[in-house]
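These notes are about the structure you will find just below.
The values are calculated or read from the model by the stated rules, or taken from the named source; none is laboratory data. Being a predicted model, the structure only gives us computed values, none of them experimental. Cβ sites come from the backbone with ideal geometry, for glycine too, and all protein chains shown count toward neighbours.
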Amino acid sequence: MFVYPTVADALALPAIREGKPRVVAAHGALDRRVRWVHVAEVADIAHLLRGDELVLTTGIALPDEPDGLTKYVDELAEVGVAGIVVELLRHWSDKLPQAFVAAAERRGVPLVTLSEETRFVSVTEAVVGLIVDAQVAELRAAEQVHETFTALTVAGAEPAEVLREVARTVGRPVVLETLSHDVLAYDTAGGNPGDLLRDWARRSRAVQLTERTSYDPEVGWLVTVVGARGNDWGRLVLLCPEPPPHRHIVVAERAASALAVHRLVARDREGLERHAHRTLLTEMLSTPGADINARSAALGVPLEHRRLVGVAVRPRTGVNPAPAMATQEVLRDLAEATALAARRAQTAALVGVVDDTSVRALLSLPPQAEVANVLRKLAKEVHHAAAATQRAQPVVVAVGTTVDRVTGARRTMVEAAHVADAALRSTSDRLYHRLDDVRLRGLLHLLANDERVTAFTDRELGPLLTRDASHGSRLVETLRHYCEQGGNKSAAAAAAHMSRTAYYQQLSRIEQVLGVSLEDPESMLSLYVALLTLDVQAHHPDE
């Protein structure tokens, strides 16, 4: 759809000005668009027209009767002509009949008289030339828009850059939102962000699309769907108080295409990178191939003559995190956030999801690197990037011991995963955790698969676990509160939300079932270690 010239534009042409035009009806409709010019000297012409024509006539074949003139105007109005131009020489020499003027005014059809003889062929050529010029200008503008957004697409421009170009080109605010009406990016075109985004979700939900690109005149929004490969994920909204010209529609649709391609390329690039990293990390955790160094170096992460540090990043989903919370989708987002953090920290790293609980990474540092400084900077970036993901949630960052050879990569990564598991129950606000930070719990994570530790736990807590299972009691939880409060019965009763009398009775029953005295420090220590081991084994990932 081109932006055609208006009736007013046509009247300004010299070919018409020579005829001394005078608007006698519908002065307020001179902004109607002229798609074509048609010379018609018969009254029964409406059925041959398609609309938006500027009709030129001498009136020689038009009736004089008011009803006939009214019918003539009504029929032209029905097909949507842009206007009627009548030369006052052949039929009417002074002015048009009042019925003619009244009918045009009533129907809002611009009616123009020419008091001088006018060459209609010259008028036709001039108006058609104006139309062609508008079409060429529109095509050139569309080509320029195409070239601009193609360049942005090829350059991998970020959404903010694309929206900036949209706002610069059309001079209107633009917003990129999800299909759930969450704002992803915007450019105010120099306006106030608060005014643009105020109550956005409610306003956006009220605008429904009838096609992939639609204009809602009530709110003044031009909206186009953003997506590709049948996977729509957002909407691009251009605020246009007036119906947008075709060029603005082209800008919106080309911008939407650039945004869709950017997301596809970014997703595919990062997906392939994560897949390659995951393959190497998985191999290192099992049996590394002879070419592991070369393959890792090809990914930009050299392993030879480097200091290697294993890192594990886990979502902190609560005191007792349910495995269902650590879904692959969440972990994929977290892996991207961790990879982004490594880039921001300027640290070479393999990053991938190798199990159902955490993101694993292997940092590759130069021999002279200050490991503590690198880890501190990386951990800050990880927390920041994780908080910016779609499912933003706090995370635990854990690191293993620094090693100097690729043969030690498995040890440092496994250690980091154990430390992350142990740190989940920690209330510490450390940026990252090491083995010495999680102390006994960390040691138990390292020994979680040892049969002797399992036997110790069964021996210490077996009778109590059996009693709870058969009687529906909660003696194990009662014991846990007692141990966590360091043997302080009053504090333990408060933590368990029980009266002291009832709590003391529970402690006596525990002593009877286990045949031990909870007043004995060694007994309480053994039982607490067994409880910690029980927690570790319940949440420990398979290696």
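What pairs come out if I take residues in the range 113-130 that are at negative phi and pair them with residues that are surrounded by 15 or more Cβ atoms within 10 Å (Cβ to Cβ) and part of a loop (DSSP other than H, G, I, E, B) whose C-beta lies under 6 Å away, six or more apart or interchain?
Final answer for the pair search is THR113/LEU88; LEU114/GLY19; SER115/LEU88; GLU116/GLY19; GLU117/LEU89; THR118/GLY19; ALA126/LEU13; LEU130/PRO5.
May I ask you to list the residues in the range 54-108 that are of a type in the set (Gly, Ala, Ser) and either touching a Pro at 6+ places or on another chain (Cβ under 8 Å) or outside the structural domain of ALA12 (by TED's automatic domain parsing) (or both)?
Those that are of a type in the set (Gly, Ala, Ser) and either touching a Pro at 6+ places or on another chain (Cβ under 8 Å) or outside the structural domain of ALA12 (by TED's automatic domain parsing) (or both): ALA82, GLY83, ALA99, ALA104.
Just give me the residues in the range 344-365 being under 20 Å from MET284 (Cβ atoms), of a type outside the set (Asp, Glu) and part of a loop (DSSP other than H, G, I, E, B), in sequence order. Give the steps one after another, and end with the answer.
Just the residues of the range 344-365 that are under 20 Å from MET284 (Cβ atoms), to begin with: 347-365.
Still in the list and also of a type outside the set (Asp, Glu): 347-354, 357-365.
Selection gives THR347, VAL354, THR357, SER358.
Do we have ARG278 as touching a Gly at 6+ places or on another chain (Cβ under 6 Å), charged (D, E, K, R) and surrounded by 15 or more Cβ atoms within 10 Å (Cβ to Cβ) here? Quick ask: steps written out before the conclusion?
Numbers: touching a Gly at 6+ places or on another chain (Cβ under 6 Å): yes; charged (D, E, K, R): yes; surrounded by 15 or more Cβ atoms within 10 Å (Cβ to Cβ): yes.
Answer is yes for this residue.
Which residues, taken from the range 338-387, are in contact (Cβ under 8 Å) with a residue 24 or more places away in the chain and either outside the structural domain of THR401 (by TED's automatic domain parsing) or charged (D, E, K, R) (or both)? Show your work before the answer.
Start the filter on the range 338-387 by keeping residues that are in contact (Cβ under 8 Å) with a residue 24 or more places away in the chain, which leaves 338-342, 344-345, 347-367, 369, 371, 374-386.
Listed by number, the residues that qualify are ARG344, ASP355, ASP356, ARG360, ARG376, LYS377, LYS380, GLU381.
Yes or no: the range 131-144 includes at least one residue that is more than 15 Å from ALA252 (Cβ to Cβ), under 27 Å from the mean Cα position of the chain (by Cα) and surrounded by fewer than 14 Cβ atoms within 10 Å (Cβ to Cβ).
No: zero hits.
Of all residues in the range 466-480, count the ones that are more than 14 Å from ARG509 (Cβ to Cβ) and either touching a helix residue (DSSP H, G or I) at 6+ places or on another chain (Cβ under 8 Å) or not in a helix (DSSP H, G or I) (or both).
Initially, the range 466-480 is screened for residues more than 14 Å from ARG509 (Cβ to Cβ), giving 469, 480.
So of that shortlist, the ones also either touching a helix residue (DSSP H, G or I) at 6+ places or on another chain (Cβ under 8 Å) or not in a helix (DSSP H, G or I) (or both) come out as 480.
Of the residues in the range 466-480, 1 are more than 14 Å from ARG509 (Cβ to Cβ) and either touching a helix residue (DSSP H, G or I) at 6+ places or on another chain (Cβ under 8 Å) or not in a helix (DSSP H, G or I) (or both).
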